[in-house]
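The structure appears below as structure tokens.
Rule-based calculations on the coordinates, nothing more; no lab input. Predicted model, so just to flag it, every value in this text is computed and none were measured. Methodologically, a virtual Cβ is constructed for each residue, glycine included, from the backbone with ideal geometry; neighbour enumeration extends over all protein chains shown.
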Amino acid sequence: MYPTKILHSILLLTLTAVTALSQQVAFKSEASKTALVAGEAFSVGFFIQSSTDSYSIDEPMKYPDHKGLRIVGENRSQNVQFVNGRGMIEDGVILVFVGEKPGKYKIGASKIVIDGKTYTTKPIDIEIAKTAVAAAVKSTQQAQPVFLQSDVSKQNPYVNEQVGLTVKLYARDLGMLNRKRNFRQGKLEGLSPKMVKNSPETIKQEMISGKQYFSEEIARYYVFPQKPGRIEIDPFSLDVLVSGTYGTEVYEIKSNPVVINAKALPEGKPASFKGAVGQFELNTSVDKTELKANESINMEVEITGSGNLNGIIFPTINTSENLEKYAPKKRDAYKTYPRGMQGKVVQENVLVPNFGGEYSISPVEFSYFDPEKEKYITLKSDSIHIHVDGEAAPLDKDNTMMASINDHQKQNTPSDRFQNTVNEITNSVPQGKAGWIWLTGGVLALAAMGLVIMKKKKKKMNDESTIHPRSFASSFAPVAKIDEPINPPPISSNFVKEMNQELEQLKLLVHAVEQRDFFQLQEQILGEAVMKKTGIDLANFTVYTAVHRLKVIGCNPSLIDEWQDLINKAKHAKYAFDPTQQDLQATYLRTQKMVSEIIHG
């Protein structure tokens, strides 16, 4: 018994849900225009949308508040639209308003009760200007049986704020909408445009200046002002085929020009602000926080929201020393919807720790301007801590030693010692010892000059013997190991044979699907050749030590630079997102030539 009741209840709820979903009742308001001039008429429609006409109106709609605006007409409207292949019945009333004085007005929310549920429309803001030029243009257009009209959603936006731009074709005769040809976009100078890919176009009925028109949206854009001040959007145009005395004739019709007065962004921009305008959120993440030295970390910086996503500049990522950053890759995942540009942009970064230890990625900071709140907002992520297993970074012994020497020299420089001696001699004058002052002073002066000359010479020698460059993915090696005597073993024929075999394998990988295998083997070949040439073992091998040893044994500087360039690019390409930027055949030939010169040079 109970199971039967439960089954009936579930069936009843299911049928109720299906009925509710099938009805899909909505109540909306829509204005023909929101920016106009004094004395110009405009219409606002209040429509019930439903997939069926079986609903019941419990309380009819009342006129909304419209202070300062006069109602000059009322028409009933009913039509059927097909949205995404599904028929929707639209039933409502169209009110025609006139504003006689310039200013900002509001058409209030309207309410209606359908099947016991209250539906409310959103208020509509109307801006009326006092300029009569645009009114003359529009009134001339709207006197025609067919005309093209451009409108913007906002006439006074901020720089980089998204503004809707629509182009509509109006016709008294429905058949005229099927005779349009060759739509031509006007110039959008001073704007960064993004066109909306509309869903199936719909034809509507609208009241324009007290007359009924059929309308069709020809194009919709979201434009972003790039500079403050007046920006004029040129007219759009298209051709209409009209039947005449001598057959079908082509007439060009143009839309009205539209003016945007863009406002400069206010003062007080944060240091991390790079031009983002809209509403955004910031997220950062890494794929792992524990790894081994020389493994890669994938870090993503994600900015989500709505606004000028096409112009987002990502914030800088600050990392610990010895945590290498590779060139980032940007990925766009946003779309331009009828309600605006929305989605996200993602920056993918590869980080590689050179040594073991604890690393830290500093918080990422991103600022944007919110045009609705009219203020700057700064977002900040959490810092990320990474634990890396492996050998710790070696201390820079030269720098430590030089620092102690410098401290000692600062405390006891030759000039200080000379000055102390002069002070002693000066103090001895009152004691009658001035007879030998000049002789002693001359000797001391010559000694001081000698010390200065020796110091300069020693500094020059140190500068000439010190090598400062840091390789792309390696760190400084201990100085003691670099300066060990170099007695590399002779290169055997077996080693040459092994190199040739590896080069043949590299040649096969030129056309491999996974190109990282090519770069990994290339790096191995270049490293093995130089280790054999210089006598460096694998434990002490870095790009820095290899370059130093190659210079010591007298290799050609251009050969050393070429080798360093090849191995650094191979290291980079292993971790890059898109390694196909290199010509692998040319890279193989360079590598082959390089190995031959190192072995036989």
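Worth pointing out:
- Table column - 3J(HN,Hα) (Hz), the stretch 322-328, Karplus curve with 6.51, -1.76, 1.60, x for Gly and Pro: 6, 10, 6, 10, 9, 4, x
- Pairs with C-alpha atoms separated by more than 22 Å, drawn from the list K111/K335; K263/K335; K194/K344; K154/K380; K194/K330; K67/K211, are K111/K335; K263/K335; K154/K380; K67/K211.
- Taking Cβ atoms as reference points and 11 Å as the exclusive limit, the residues near L241 contribute a net charge of +1, counting Lys and Arg as +1 and Asp and Glu as -1.
- Summed side-chain charge close to S285 - residues other than S285 whose Cβ falls under 10 Å, Lys, Arg +1, Asp, Glu -1: -3
- Radius of gyration, Dmax [the stretch 142-264; alpha carbons; angstrom]: 15.7, 54
- Gyration tensor over alpha-carbon atoms, the stretch 24-130, equivalent ellipsoid semi-axes in Å: 28, 15, 11
- For the stretch 273-389: rounded, prolate or oblate by the Cα gyration tensor [a/c cutoff 1.5]: prolate
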